[in-house]
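A short write-up of the structure that comes next.
Here, each number is a calculation from the coordinates, and none is a lab measurement. Because the structure is predicted, anything quoted here is derived from the model rather than measured. Cβ sites come from the backbone with ideal geometry, for glycine too, and all protein chains shown count toward neighbours.
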């Protein structure tokens with residue numbers, strides 16, 4: 001939307017909006033979204049770097065954010081009905097196309113397709129070959145002069161590993177793909193360490209694509225300095241893990257656009273099959289229209305027979321050692337379900353992950369689940385995606401109606417991630433068939449789950465065939 005009254009959003013190295021022009025409701029909404037992203041802990045890492053690390057900086061003239069937050073700003077404006085126009089001053093530096101020689105795997109292709117819908121984002125891939133393949137494909141697709149940054153290794157050969165992998169992918173020799181020390185006007189892809197690039201700031205500008213590797217382990221100051229110095233139109237973050245050891249993954253990954261796709265870690269174990277178990281409830285409510293919707297959801301959350309039914313299913317699955325994730329979007333419902341499961345199986349170890357907890361408390365719950373100290377975790381959907389990255393979880397209970405397809409896909413991806421203690425994945429979904437809007441959302445989820453089940457079955461059959469060779 002454009003027009004004289006439209007909010008102007010300027011983006012170069014940062015996203016900038018005028019402080020006087022930006023409606024307070026938009027700024028407040030963005031602050032709420034960023035509130036839980038560990039900013040106090042990040043700022044405590046080095047107090048002298050406050051301006052560098054603060055995701056939303058405000059003064060009398062403007063509000064500033066890393067350019068990876070552009071999509072979040074525009075989505076917030078749309079949600080609040082605020083007209084805006086984007087003035088994009090980021091660098092686009094076209095160059096002759098490089099063609100990849102090797103076809104992508106299905107999972108690599110999925111990562112690329114999701115990246116192509118955005119200007120930036122993070123791919124989590126434990127396997128080095130996956131990171132190299134996705135980076136090479138994005139370089140080929142974007143057709144921009146590219147810079148690849150790596151943290152380096154104890155032997156100092158990471159730059160050469162990347163240069164060699166990309167040269168092989170494109171069948172290209174120097175100077176098309178080379179290191180920063182040997183770059184020239186003919187260079188299309190430059191590979192450098194973070195330290196090299198920061199020592200030569202010009203290397204971070206006049207690029208159309210910058211790829212940040214090792215973001216799960218690189219020094220956070222070096223990463224944020226590099227992110228906030230580049231004005232490239234396209235940015236790609238690559239990580240081996242979705243969580244950094246220092247607990248700073250939330251703000252650092254968000255500065256690059258957030259996690260777009262997580263690729264399964266390499267494993268010698270069999271592919272995991274997905275089972276979907278729809279459960280019909282007897283929940284009833286005198287629903288006559290939208291005006292009754294919130295009251296209906298409150299009644300659903302408080303319905304004891306329905307909660308007892310879910311608790312029985314959870315207890316049955318958790319007792320043999322399956323780690324269970326129970327989802328609801330209401331905190332009172334999470335509490336009621338926790339009480340019901342505790343009554344049904346007092347021996348189980350339970351934990352709740354909701355907005356009632358402080359960020360550090362949420363991190364501790366997630367860490368306990370990852371260490372195998374929790375049998376059942378009760379969580380809202382977004383917090384489950386943000387905090388729970390462990391492959392231990394193998395059972396999902398959709399206890400509350402929702403129809404967000406991408407969220408459901410990501411949760412099922414977590415269930416299907418191989419782990420030594422995991423042999424199967426099961427989704428329980430609850431069909432409140434007597435109430436039309438709830439029946440519709442259940443049907444929408446059922447279609448998504450059926451597709452995911454068939455895709456998992458295909459992968460399992462492919463693995464089974466390979467295992468016989």
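Mind jotting down the distance between the C-alpha centroids of the range 410-459 and the range 125-149, whole Å?
Cα centres, the range 125-149 to the range 410-459: 31 Å.
Which whole-number percent is the relative contact order of the range 106-263 (Cα, under 8 Å, 6+ apart)?
Over the range 106-263, the number comes to 34 percent.
Let's test the formula: R0 of 41 Å, r as the Cβ-Cβ distance of residue 57 and residue 94. What FRET efficiency results, to the nearest 0.05?
That gives a FRET efficiency of 0.80.
Can you compute the equivalent ellipsoid semi-axes for the range 170-233, i.e. the square root of 5 times each eigenvalue of the Cα gyration tensor, sorted largest first and rounded to whole Å? Each step should come with its number before you reach the end.
Working: eigenvalues 88, 31, 24 Å².
They are 21, 13, 11 Å, listed from largest to smallest.
What span do the alpha-carbon atoms of the range 274-467 cover on each of the three principal axes, reported in whole Å from largest to smallest?
55, 36, 29
Sorting check: for 80-91, 442-453, which peptide has the highest mean count of neighbouring beta carbons within 10 Å, and how do the rest follow?
Numbers: 80-91: 14.4, 442-453: 16.7.
Highest mean packing first, the order is 442-453, 80-91.
How would the range 326-374 be classified by its alpha-carbon gyration tensor: rounded, prolate or oblate, with rounded meaning a/c under 1.5 and the a/b versus b/c comparison settling the rest?
Since a/c reaches 1.5 but b/c is at least a/b, the shape of the range 326-374 is classed as oblate.
Report, in deg cm²/dmol and to the nearest 500, the calculated mean residue ellipticity at 222 nm for the chain, where each DSSP H run with n ≥ 4 adds -39500 (n - 2.57) and the sum is divided by the residue count.
Numbers: 17 runs with 194 residues, N = 469.
Computed ellipticity for the chain at 222 nm equals -12500 deg cm²/dmol.
Considering Cα pairs under 8 angstrom that are at least six residues apart, work out the relative contact order of the chain and quote it in whole percent.
Reported relative contact order: 15 percent.
Rounded to the nearest 5, what is the percent of antiparallel bridges among the DSSP beta bridges in the chain? Could you put the intermediate results ahead of the total?
Values: 11 of 66 bridges.
Taking every DSSP beta bridge within the chain, about 15 percent pair in antiparallel fashion.
Using mean Cβ contacts within 10 Å as the protection proxy, how do 66-73, 326-333 order, highest first? Show your work: numbers first, answer last.
Numbers: 66-73: 23.5, 326-333: 20.5.
Put in order of decreasing packing, that is 66-73, 326-333.
Where the convex hull is taken over the Cα atoms of the range 369-410, what is its projected area averaged over directions, in nm²?
Numbers: hull surface 12.3 nm².
For the range 369-410, averaging the hull's shadow over all directions gives 3.1 nm².
How are the C-alpha pair distances of the range 106-263 spread across 5 Å bins, as whole percents from the shortest bin up?
With 5 Å bins starting at 0, P(r) equals 2, 10, 22, 25, 23, 14, 5, 1, 0.
As an exercise, use a Förster radius of 35 Å and the Cβ-Cβ distance of residue 181 and residue 106 to find the FRET efficiency, rounded to the nearest 0.05.
Details: r = 37 Å, r/R0 = 1.07.
Calculated transfer efficiency: 0.40.
Show me 210-220, 297-307 ranked by packing, highest mean number of other Cβ atoms within 10 Å first.
Working: 210-220: 23.0, 297-307: 17.0.
By packing density, highest mean first, the sequence is 210-220, 297-307.
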